[in-house]
Amino acid sequence: MKNVFLTALLFSLALTSCSDKKEVESVEATTETNVMLDEPKPVDSAAIAANATPASAEEEGLKLIEGTDCLSCHKTDSKLVGPSYQDVANKYTEADIDHLAQKIIDGGKGVWGDIPMTPHAGMSKENAQKMVKYILSLKK
């Protein structure tokens, strides 16, 4: 067992020492970028919309969600702090888009429990509607 472990260790050291330095720098740059993405960001929906060029409203809604703090409380398929996006999609219909978009902007409490959803006052109604359209597209 020790021989297998030592062989694997030596092999990985050999690969590391023979690797191209540019490759290591690229990995370090990627790691720094990922660390910076984990930090909370203020909502700048205009900048998010300007940088997004997805093909559909649902894809644009997903990009907007990824650019905000939504994923710190919601997951696609399971409850985190708030309900999963699929649970929301199964509860509401297309007729509720304006209502849900306003809930994103104003925040809310009581529908899914006692933990309030924080308001996103800097979010435009149009972008909130795109986010809701994406969420409703997850209906099972």
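Only the coordinates and a few stated rules stand behind these numbers; no lab work does. In this text the structure is predicted, and so the values were computed from the model without any measurement. Cβ: placed from backbone, ideal geometry, glycine included. Neighbour counts: every protein chain shown.
General remarks:
- Full-extension gain in nm, HIS99 to GLN86, via 0.36 nm per residue minus C-alpha separation: 3.0 nm
- Interchain or long-range residues, amide H under 5 Å from LYS79's placed H: SER84
- Residue-by-residue Karplus 3J(HN,Hα) for segment 103-112, coefficients 6.51, -1.76, 1.60, Hz, glycine and proline x: 5, 4, 6, 8, x, x, 7, x, 6, 10
- Extension gain from CYS73 to THR118, taking 0.36 nm per residue of separation minus the Cα-Cα distance: 15.2 nm
- Leading residue at positive end of dipole, segment 45-136 (Cβ point charges), from THR118, TYR92, LEU136: THR118
- Segment 63-140, Rg to Rh (Cα coordinates; Rh as Kirkwood inverse mean 1/r): 0.91
- Measuring against 21 Å, Cα to Cα, the residue pairs LYS109/LYS140; LYS103/LYS139; LYS63/LYS125; LYS75/LYS130 contain LYS109/LYS140 as the ones spanning a longer distance.
- Hypothetical label at LYS139: residues of segment 91-128 whose amide nitrogen lies under 16 Å (7 Å Cα-Cβ projection): 91-101
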